[in-house]
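The values are calculated or read from the model by the stated rules, or taken from the named source; none is laboratory data. In this text the structure is predicted, and so the values were computed from the model without any measurement. Backbone-built Cβ (ideal geometry, glycine too); neighbour counts: all protein chains shown. Just the protein is used for accessible areas: all its heavy atoms, side chains included, with ligands, DNA and RNA removed. Shrake-Rupley method; radii C 1.70, N 1.55, O 1.52, S 1.80 Å.
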Amino acid sequence: MAAIGGSYGTFGWIVLSTADPAAAVRFYRRAFGWQEAEAGGLLLMLAGAKPVAAVMDYRQNDRIQREPQNWLPMVRVRDVDESIVKVESLGGSVIVPIQDVGVGRAAAVRGVTGEAIGLWETPGPLGGEPILMDPGICPWFELVTPDPERAIPFYKALFGWRIADEGGYTFIGNDEGQFGGIVKLAGDWEDYAFHAAIGRARGEKLSVPPHWMIFFGVDDCDHFTDQVEALGGQVTTRPEPLHTVGTFAVLRDPQGVYFSVLSKR
């Protein structure tokens, strides 16, 4: 498994887009033990002294309002301007144009199969330190798409990712290791009701649109799912094996934002 966030072309930052940042901060503080701080005009969540995520009010941006509340994964790039040009040349599109976010420059784009993903350029270390399989940190990212065959060459060309099929699961990674996967959007994903809500928000006919699922590392999935329910969240999928990676569960915070958790066992 790769150390994520330390090199270009890897996931190095995540942003929570929510209608109630204060309530979201309270939930994640209690769920993961994170603390909050402000820096460069951003509301940050910290694990210890390390920033692990930003929280934003999606109602403050007209373009973001067209998207549902969600966690957006950000890929670290050397030059966000060049990356935008490359995205469009490969058939993707821009959701939110490049903005100065106080700790660098960022943009949100849509891949060729419709999923949203962020681009993030930073001159400093904020969010750029390796993200490992530690409790409360984000170790795995999974693209769910109806057309993996189209998505794979897009991401290989855009970020230089290595793609490997092992036991029927498509892994993504780089020279340092694997940090995510790609799965085909099929009928069994209809159980994830929030994806249907995303589709309706975008006016799409597809009830479960393409998306990136973010996984947070926890010590014990069973214990954590019980904790989330006690904090007012919901469990969409109870803990079950995720290929050779570990055990995962799909959850929903009290503000309606979905995320997954992953434990090594």
query: Counting only residues that are within 13 Å of the chain's Cα centre (by Cα) and open to solvent by 20 Å² or more (accessible area, probe 1.4 Å), how many does the range 97-109 have?
result: 0
field: Where F11 falls short, out of the listed (1) surrounded by fewer than 21 Cβ atoms within 10 Å (Cβ to Cβ); (2) within 16 Å of G217 (Cβ to Cβ); (3) within 17 Å of the chain's Cα centre (by Cα)
entry: (1)
query: Out of T170, T113, which single residue is at pLDDT 85 or above, crowded, with 17+ Cβ neighbours inside 10 Å and closer than 27 Å to K264 by Cα?
result: T170
Positions within the range 223-265 being closer than 19 Å to L143 by Cβ, of a type outside the set (A, V, I, L, M, F, W, C) and touching a Lys or Arg at 6+ places or on another chain (Cβ under 9 Å), in sequence order: T236, G246, Y258
- line: Over the range 135-155, the set of residues farther than 21 Å from H243 by Cβ and either in contact with a His (Cβ under 6 Å, 6 or more places away or on another chain) or charged (D, E, K, R) (or both) is R150
query: Restricting to the range 146-188, what's the tally of residues that are within 19 Å of V112 (Cβ to Cβ) and either part of a helix (DSSP H, G or I) or of a type in the set (S, T, N, Q) (or both)?
result: 13
- request: Please give the number of the condition R26 fails out of (1) basic (K, R); (2) within 19 Å of G217 (Cβ to Cβ); (3) modelled with pLDDT of 90 or more.
  value: (2)
query: Scanning the range 14-43 for residues that are farther than 30 Å from G160 by Cβ and polar (S, T, N, Q), which turns out surrounded by the most Cβ atoms within 10 Å (Cβ to Cβ)?
result: T18
query: Counting only residues that are out of contact with any helix residue (DSSP H, G or I) (no Cβ under 8 Å at 6 or more places or on another chain) and either modelled with pLDDT under 90 or of a type in the set (V, I, T) (or both), how many does the range 141-164 have?
result: 2
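Given G118, G91, which one is buried (at least 20 other Cβ atoms within 10 Å of the Cβ), of a type in the set (G, A, S) and either modelled with pLDDT of 90 or more or outside any loop (DSSP other than H, G, I, E, B) (or both)? Working first, answer last.
Working: G91 fails: buried (at least 20 other Cβ atoms within 10 Å of the Cβ).
The unique qualifying residue is G118.
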query: Would you pick out the residues in the range 44-57 that are open to solvent by 40 Å² or more (accessible area, probe 1.4 Å), farther than 16 Å from N70 by Cα and among the hydrophobic types (A, V, I, L, M, F, W, C)?
result: A49
query: Does D188 count as modelled with pLDDT under 90, more than 23 Å from W13 (Cα to Cα) and not aliphatic (A, V, I, L, M)?
result: yes
